[in-house]
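To keep things clear, I will list the structure first and then write my remarks on it.
Bear in mind that the values in this text are calculations on the coordinates, not laboratory data. Just so it is clear, the structure is predicted and the values come from calculations on it, not from any experiment. Please note: Cβ atoms are built from the backbone with ideal geometry, for glycine as well, and neighbour counts cover all protein chains shown.
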Amino acid sequence: MKLFSIEAFREVGRTRLVNNYFELKNHSVSIIADPAKDRYLNLLKSKPDIIQNVPLKQIATYLGITDTSLSRIRKEIADNK
C-alpha cells in the first residue's frame, strides 16, 4: 500500500501501537496488583468523561469487578465526600 510507504504514517502507527501496548500492560498489572477502589479512583482521575458516558456494567467489567462491587465502591466514595 502506498499509505504505509510514507514514513510519517508508519511512525504514527508504530507510536500508537507502542502506546496502546503499554496502556494494556499497565491495566493488566493494575487488575492484579491494585485494590478495586484504587482502580476506580484512577479511572475517575484519568478518564472522568467515561463515568458519565459508559454504562456501569461495562465499567465494572473493565475494572475486573462485579457491578455490585462497583456500586459499593461508588457508595463508599460518595459517603466519604
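For the chain, give the magnitude of the charge dipole about the Cα centre (Cβ charges: +1 Lys/Arg, -1 Asp/Glu; no others), in debye to the nearest 20. All intermediate terms of the calculation are to be shown ahead of the outcome.
Numbers: 14 positive and 9 negative charges, 18 e Å.
With only Lys, Arg, Asp and Glu charged at Cβ, the dipole is about 80 debye.
In deg cm²/dmol, rounded to 500, what helix-only [θ] at 222 nm does the chain give when every DSSP H run of at least 4 residues adds -39500 (n - 2.57) and the total is split over its residues?
Values: 5 runs with 66 residues, N = 81.
Taking each H run of at least 4 residues, the total per residue is -26000 deg cm²/dmol.
So which aspartates and glutamates pass the test for LYS25, namely a Cα distance under 20 Å, with those fewer than 8 places away in the same chain ruled out?
LYS25 reaches ASP34, ASP38.
Averaging over all projection directions, find the projected area of the Cα convex hull of segment 35-81 and quote it in nm² with one decimal place. Don't skip to the end; give the middle numbers.
Numbers: hull surface 12.1 nm².
Spelled out: convex hull of the Cα atoms, projected over all directions, averaged, 3.0 nm².
Cα atoms only: what Rg and Dmax, in Å, come out for the chain?
So, for the chain, Rg and Dmax equal 17.2, 57 Å respectively.
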